[in-house]
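The values are calculated or read from the model by the stated rules, or taken from the named source; none is laboratory data. No experiment lies behind these values; they were computed from the predicted model shown. Note: ideal-geometry Cβ built from the backbone for every residue, glycine included; neighbour counts use all protein chains shown.
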Amino acid sequence: MSYLPYAVAGWIFLVGIAGIATSKNLIHLAVCLTVTQSSSYVLLLSVGYVKHGVAPIFLGTKLGTTAVDPVVQALTLTDVVVSVAVIGLILALALDAHRLSGTVDPDGIADVSG
Amino acid sequence: MVLATLVPLQAVAFGLVALGAPLVVLTRDPLRQALVNGVYGVSLVLLFVVLEAPDPALSMLVVSGVGYPLVILAAIARVRGHERTKDGDER
Amino acid sequence: MMVLGPGLLGLGSLFAWAMAGLPAFGDYHGPYGFVLNRVVVPLRHTTNVVMGTTFDVRGVDTMGEEFILYAAVVGVTLLLRDETRSKQAERRTRRLPNDTARLVGIAMVGGGLLVGLWLMAFGYITPGGGFQGGVLAAGAILLLYVVGSHRDYRPFRDVHALDPLESLGSGGYVIVGLAALASGTAFLTNLFGLGTTGTLLSGGSIAILNWASAIAVTCAMVLLFAEFLETYVVPLEPEDSGS
């Protein structure tokens, strides 16, 4: 019985959330969000791992060999690529906020109205 | 025994990732953080490889090597560039 | 700070509670993974089961993810494109002074493109695919920014030219799905010849969808980066030097 991998995923998630909450810079905040998102990769791949399984690529591996779950890998794969687009969008918003308020500090932006 | 079902290599990879995440968060300067985030990305790649997931590993490799740095560095450059031109106007 | 501590504690305990219900690490017994590992190669002729899953078994999900990418790029474009137009004249592109550095850079552009294309093309046979290859190819294309002057980057500077290509990638995915619908089967049914297992001509519509997403991802990434980097490009004819 081992739940350590899930604990690692939870730890990364909490660390990322703490980073977002205490961040004083929107760019720093966006990177913390990708850290939070990376916990989902760790969790997905840990859930799909099969003991003594091989990678689910059957080129040179005999069909029927115990392999790890391909579904979670497909999910992780697209998750990772989409995260770049998401951080791009968040940073674009940060730049817009910086243009309007002249600061990248989330607390400073709250003071600007209109 | 907690680590009984973990292959030692996997235990090390999980440990590296668990250590890397707080390092990324605690690096407050965005420029340094972009670098630390790259190292964290490599530790994730290592983890994916030992979890028998080559496709996500490749994906993470290109994203942490090309995707994140380009977007983050461009955003930093633009924020600093704005600040520099603003200073120039005041002078 | 006063909210954060207890909040994280609560979140952590809820997470631990949820995780306690999962099977232990390595003790996977969900049926889908095992079923797919058995049936995808005989049914779809793709040796990379992950890609077979991405583009066939859960092809509709991947279409949704492609549109997340599309929506994000549209958002970035809306936020940044207008501003960059007025700022363009302010910055100068610096040529790399060192010829060796330029040469190495050009070699890296070629190498990156080659590996990117290889990842795209063989995605459904060996690890790789349109998503990874697309990001790498986009990175190689953007290296032109570093190694060349803005003139070399000109075809990509006109980002409007990339918009239809990006739409072709995302739209092509939907068209392949609609083609199946038009032929009387379900959306995204694999209706092309499956070919020989382990060759480039395998997988039927998986290969087409792989290329469609490769185009979509490459264009999305180039557009995304170009919008961010555009401030560093001097237009060939300065429009307004007053700003």
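Computed values, structure above
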| quantity | calculated |
| --- | --- |
| Flag for residue C:50 being modelled with pLDDT of 85 or more, assigned to a helix (DSSP H, G or I) and touching a Pro at 6+ places or on another chain (Cβ under 8 Å) | yes |
| Only one of C:226, C:212, C:182, C:216 that is more than 14 Å from chain B (Cβ to nearest Cβ) and either surrounded by fewer than 18 Cβ atoms within 10 Å (Cβ to Cβ) or at pLDDT below 85 (or both) | C:182 |
| When residues of region B:50-82 are limited to those that are touching a residue at least 12 places away in the same chain (Cβ under 8 Å) and β-branched (Val, Ile, Thr), the one farthest from residue C:27 (Cα to Cα) | B:76 |
| Flag for residue C:55 being more than 7 Å from chain A (Cβ to nearest Cβ), under 18 Å from residue A:58 (Cβ atoms), part of a helix (DSSP H, G or I) and touching a Leu at 6+ places or on another chain (Cβ under 6 Å) | yes |
| Residues of region B:5-36 satisfying the condition of being modelled with pLDDT of 90 or more, of a type in the set (Gly, Ala, Ser) and closer than 24 Å to residue C:25 by Cβ | B:13, B:15, B:18, B:20, B:21 |
| Test for residue C:76: is it facing chain A (nearest Cβ under 7 Å), under 24 Å from the mean Cα position of the chain (by Cα), β-branched (Val, Ile, Thr) and buried (at least 23 other Cβ atoms within 10 Å of the Cβ) | yes |
| Residues that are more than 11 Å from residue A:46 (Cβ to Cβ) and either at the interface with chain B (Cβ under 7 Å from one of its Cβ atoms) or without any contact (Cβ under 8 Å) to a residue 12 or more places away in the chain (or both), drawn from region A:1-20 | A:1, A:11, A:12, A:14, A:15, A:16, A:18, A:19 |
| Number of the exception - residue A:85 against (1) touching a residue at least 40 places away in the same chain (Cβ under 8 Å); (2) closer than 24 Å to residue C:217 by Cα | (1) |
| Out of A:45, A:91, sole residue that is more than 8 Å from chain C (Cβ to nearest Cβ), assigned to a helix (DSSP H, G or I), in contact with a helix residue (DSSP H, G or I) (Cβ under 7 Å, 6 or more places away or on another chain) and of a type outside the set (S, T, N, Q) | A:45 |
| One residue from A:78, A:61 being more than 7 Å from chain C (Cβ to nearest Cβ), free of Cβ contacts under 8 Å to residues at least 12 places away in the same chain and polar (S, T, N, Q) | A:61 |
| Hits in region A:23-35 (condition: modelled with pLDDT of 90 or more and surrounded by fewer than 20 Cβ atoms within 10 Å (Cβ to Cβ)) | A:33 |
